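Here is the structure we will look at, set down as structure tokens.
The values are calculated or read from the model by the stated rules, or taken from the named source; none is laboratory data. Quantities reported herein were computed from a predicted structural model and do not represent experimental measurements. Please note: Cβ atoms are built from the backbone with ideal geometry, for glycine as well, and neighbour counts cover all protein chains shown.
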């Protein structure tokens, strides 16, 4: 497995450009299964999870071509194999996103239960009960979910037991081809949900309320092709903002949407970081002294769980005691032990981490346990004295495009050690 070698400390400075949002591109690609006509997509990031999704769509019958400008054309004249086999999706947690589109378009689906990183359970139960409400027959056996519908899905009222982003996206995609009206209540409000809805509307879907807790869908008989640009990756932008704050840096982050990061940016400002919004650019300049800040992760528009690990790394250098409470996933503090190896003073009590700072960070050998944990270790390594070796960086490759190149552009001393 590849590793990163990083020499610090380095105040990261300069300009960086975000890529398209991985968490938007995955459901947008799945939505292409809903039409027999070509769909053209711009700003699809080149990351490992996207490569997995592309292979899955090709397995389902899609032809995917890439233009010189990087745009993808996805064309699925017919769904030839309505399944997501384990061997294809075992490294990706978003495999359930094709369940709704496949059963809506092909009338049946066989999808392996999600794999990916070990940050906690992402129950697929609400996908299953929602599709049952839409008229699908659901069975689970041998690690697979199987769905069939005798004729056509039928609209329904479905209330999510708790907010789920992938569940909202999956049922939204299924409902656009259902007969009649579907109402999704307690729906996720994330920007990525809105982005998927905007593509579906371009394809001919009738959707109201995306971005609110109630989404109304009037089913249509068929969808047509469309052209769409993926929104900027708010988590990547937040990661670079955290890197500036942690390393004593000064970074301008281009091609982002600051309004998607309101809760996170508010916490950075409270910590003393100079954050300026300049249209689609964020200018983040570190504080001379960081102040401790408490954080509770929440569904959007609250503080994103995907930025919790990065913010914790920042808080290791803040004066005083910071409390970070993780309310989305039950196992998302695995980066704590690795940050402690680098000198951080962090104690975990259940779903709460207590950080005492500032503490001098020093380079060490550490292991990335999941996508966002690996990002926290990368930015911490740039603030630490000496050499840090980060193992299992395939996790960061799942969600960050050209991360070494972008960091080197900001002055980082980082190199990839390729597995032999």
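Results for (1) part of a strand (DSSP E or B); (2) under 15 Å from residue 12 (Cα atoms); (3) not assigned by TED's automatic domain parsing to the domain that holds residue 94, shown as yes or no for each residue.
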| residue | (1), (2), (3) |
| --- | --- |
| 348 | yes, no, yes |
| 360 | no, no, yes |
| 376 | no, yes, yes |
| 382 | no, yes, yes |
| 387 | yes, no, yes |
| 390 | yes, no, yes |
| 395 | no, no, yes |
| 400 | no, no, yes |
| 408 | no, yes, yes |
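So for region 366-385 (the condition being touching a residue at least 40 places away in the same chain (Cβ under 8 Å), touching a strand residue (DSSP E or B) at 6+ places or on another chain (Cβ under 6 Å) and surrounded by fewer than 17 Cβ atoms within 10 Å (Cβ to Cβ)), does at least one residue qualify? Within region 366-385, one or more residues are touching a residue at least 40 places away in the same chain (Cβ under 8 Å), touching a strand residue (DSSP E or B) at 6+ places or on another chain (Cβ under 6 Å) and surrounded by fewer than 17 Cβ atoms within 10 Å (Cβ to Cβ).
The criterion of at least 3 residues that are closer than 20 Å to residue 360 by Cβ and in contact with a strand residue (DSSP E or B) (Cβ under 8 Å, 6 or more places away or on another chain) is met by the following strands (runs of 3 or more DSSP E) wholly inside region 239-346: 318-325. Note on region 312-330: residues that are within 14 Å of residue 352 (Cα to Cα) and either touching a helix residue (DSSP H, G or I) at 6+ places or on another chain (Cβ under 8 Å) or modelled with pLDDT under 95 (or both) amount to 8. Within region 180-191, does at least one residue satisfy the condition of being within 20 Å of residue 107 (Cβ to Cβ) and either in contact with a strand residue (DSSP E or B) (Cβ under 9 Å, 6 or more places away or on another chain) or buried (at least 21 other Cβ atoms within 10 Å of the Cβ) (or both)? Yes - at least one qualifying residue is present in region 180-191. Confirm whether residue 253 is surrounded by 17 or more Cβ atoms within 10 Å (Cβ to Cβ), farther than 21 Å from residue 409 by Cα, touching a helix residue (DSSP H, G or I) at 6+ places or on another chain (Cβ under 6 Å) and assigned by TED's automatic domain parsing to the domain that holds residue 376. Criteria not met by residue 253.
Scanning region 153-179 for residues that are part of a loop (DSSP other than H, G, I, E, B), out of contact with any strand residue (DSSP E or B) (no Cβ under 8 Å at 6 or more places or on another chain) and either modelled with pLDDT under 95 or under 14 Å from residue 132 (Cα atoms) (or both) yields a count of 4. The single condition among (1) at pLDDT 95 or above; (2) surrounded by fewer than 16 Cβ atoms within 10 Å (Cβ to Cβ); (3) more than 18 Å from residue 11 (Cβ to Cβ); (4) under 24 Å from the mean Cα position of the chain (by Cα) that residue 415 does not satisfy is (4). Scanning region 382-400 for residues that are modelled with pLDDT of 95 or more and within 22 Å of residue 252 (Cβ to Cβ), we see that the one that is farthest from the chain's Cα centre (by Cα) is 383.
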